[in-house]
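Reviewing the structure listed below.
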Amino acid sequence: MLGNLKPQAPDKILALMGEFKADPRQGKIDLGVGVYKDADGHTPIMRAVKKAEQRMLETETTKTYSALAGEPDFQKAMGELILGAGYNPALTAALATVGGTGAIRQALELARMASPDLRVFVSDPTWPNHVSIMNFMGLPVQTYRYFNDATRGVDFEGMKADLAGAKKGDVVLLHGCCHNPTGANLTLEQWAEVADILERTGATPLVDLAYQGFGDGLEEDAAGTRLIASRIPEVLIAASCSKNFGIYRERTGCLLAQCKDTATKDLAQGAMAFLNRQTYSFPPFHGAKIVATVLNTPELRADWMAELEEVRGGMLRLREQLANELAQLSGSDRFAFIAQHRGMFSRLGAKPEVVQKIKDEFAIYMVGDSRLNIAGLNDTTVPILARAIIEAGV
Ligand code: PLP
Ligand code: TYF
């Protein structure tokens, strides 16, 4: 039986991680996988997370099964973190999931249960796993224009024109902030125009929020999502705690489904718990408890927010340093977009051959589409990267 299996194409980003590890060159630089790293290249456990775990170790008395849809304290804390004052638990179903990826998968399963002819609109480009999951599920995927190769900003006219083709029963996947892989994001005014289109077409937004706190701040990064939720009665939100709590391997995420009335909310909540049961039964507990403990304990929350600000500020400084260095070396402002982008990533807009050349000649690893992880840099490597970018002819 198993001999009938076909080989699967490896995940390019994860394959690049392996290639980097195997590279024997001294001074190699990893700007590939989207994991936060400090100046020493280390992905630390956040202080508040460690403290929450210590408390849990001391106070937990059982490891028996918890709740199928996740613990209410986690659901509520996430609802408030994401939607702020607009969070209405009476109208919002919530589900603890296996990471943000699990939330995306369950959101798509939920949408398909409700809308069998569902099509999903995704930005061109988007996180490759989005399309891969949709293809695997057999869902029709439509792309909408998103990135302007010339300006390295958002092609908003193209995006609007393409989203106008969505209809009721379709899902429009939007990156809540810190677009992966481009780093180019919508302004709040543009979010309002997207809400207009969603209102007009009746399509359902699915917001992927994987980097809240990594762009302009915790509140600012949720502003687009909140605007959509204030304007559109039915909204799906797939959130990841991997990055902003630094708990990648705990696999912690959350699906929120804002509904138009309480009867629909009850239906959605039942269907979401059902989906967890069909897939893996109870969701992981540990990471969700860390998040709930941090968010619900004032001193831990304050410390987490302070550390997240340090992380965010560090990435912003690296962006500015790199943009300045490139301005000097190129004698132009054509790399100014790096300082305007937000989140961990920027797409340079270089051809695959150039990305390959930078890897071969300078031992600098970025994803083949010329996405670089800003957090992979430090004060020493910024000038090295800048020189490589210019010498490779980006
Ligand atoms: N969505 C985007 C855009 C991402 O970059 C990631 C990445 O890690 C995820 C979702 C899912 O994260 P995780 O499943 O690790 O929580
Ligand atoms: O885009 C990234 O690099 C992160 C991490 O299969 C990641 O989102 C990459 C690939 C993957 C899972 C996570």
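Per-structure values
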{"item": "Residue-averaged 222 nm ellipticity for the chain, from DSSP H runs of 4+ at -39500 (n - 2.57), nearest 500", "result": "-14500 deg cm²/dmol"}
{"item": "Rel. contact order, % - alpha carbon contacts under 8 angstrom, at least six apart, the chain", "result": "25"}
{"item": "Ranked packing of 232-240, 65-73, most packed first, by mean Cβ within 10 Å", "result": "232-240, 65-73"}
{"item": "Long pairs among 63/289; 37/243; 37/351; 260/289, criterion Cα-Cα beyond 18 Å", "result": "37/351; 260/289"}
{"item": "Of all DSSP beta bridges in the stretch 65-296, antiparallel share, percent nearest 5", "result": "50"}
{"item": "Cβ-based charge dipole, the chain, positive-most Cα from 306, 31, 218", "result": "31"}
{"item": "The chain: most fluctuating residue of 39, 52, 96 per GNM, C-alpha cutoff 10 Å", "result": "39"}
{"item": "Net dipole in debye of the chain [+1 Lys, Arg Cβ; -1 Asp, Glu Cβ; about Cα centre; nearest 20]", "result": "800"}
{"item": "Beta bridges by DSSP in the chain, antiparallel share as percent, to the nearest 5", "result": "50"}
{"item": "For peptides 281-292, 132-143, 153-164, 329-340, sequence by mean Cβ density within 10 Å, most packed first", "result": "281-292, 153-164, 329-340, 132-143"}
{"item": "Proxy reagent accessibility, fewest Cβ within 10 Å first, across 370, 242", "result": "370, 242"}
{"item": "For the stretch 147-247, radius of gyration divided by Kirkwood radius, i.e. Rg to Rh on alpha-carbons", "result": "0.96"}
{"item": "Highest average packing first - 252-261, 382-391, Cβ atoms within 10 Å", "result": "252-261, 382-391"}
{"item": "Surface/4 estimate of mean projected area, convex hull on alpha-carbon atoms of the chain, nm²", "result": "20.7"}
{"item": "Three principal axis lengths of the stretch 273-394 [C-alpha, angstrom, descending]", "result": "54, 37, 22"}
{"item": "The stretch 65-296: radius of gyration over Cα atoms, expressed as a fraction of 2.2 N^0.38 Å", "result": "0.93"}
{"item": "Positive-end extreme of charge dipole, the stretch 65-296 - chosen from 205, 104, 66 (charges on Cβ)", "result": "66"}
{"item": "Total charge dipole magnitude, the stretch 65-296, about the Cα centre, Cβ charges on Lys, Arg, Asp, Glu only, Debye to nearest 20", "result": "620"}
{"item": "Spacing of the two label points (7 Å from each Cα toward its C-beta) at residue 23 and residue 273, in nm", "result": "5.0"}
{"item": "Förster-model FRET efficiency, 35 Å R0, residue 231 and residue 64, C-beta, rounded to 0.05", "result": "0.25"}
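Every read-out reported here was derived from the displayed coordinates using simple, explicitly stated rules and does not represent laboratory data. Quick caveat, the model's predicted, so the values are computed rather than measured. FYI the Cβ positions are ideal-geometry reconstructions off the backbone, even for glycines, and counts take in every protein chain you see.
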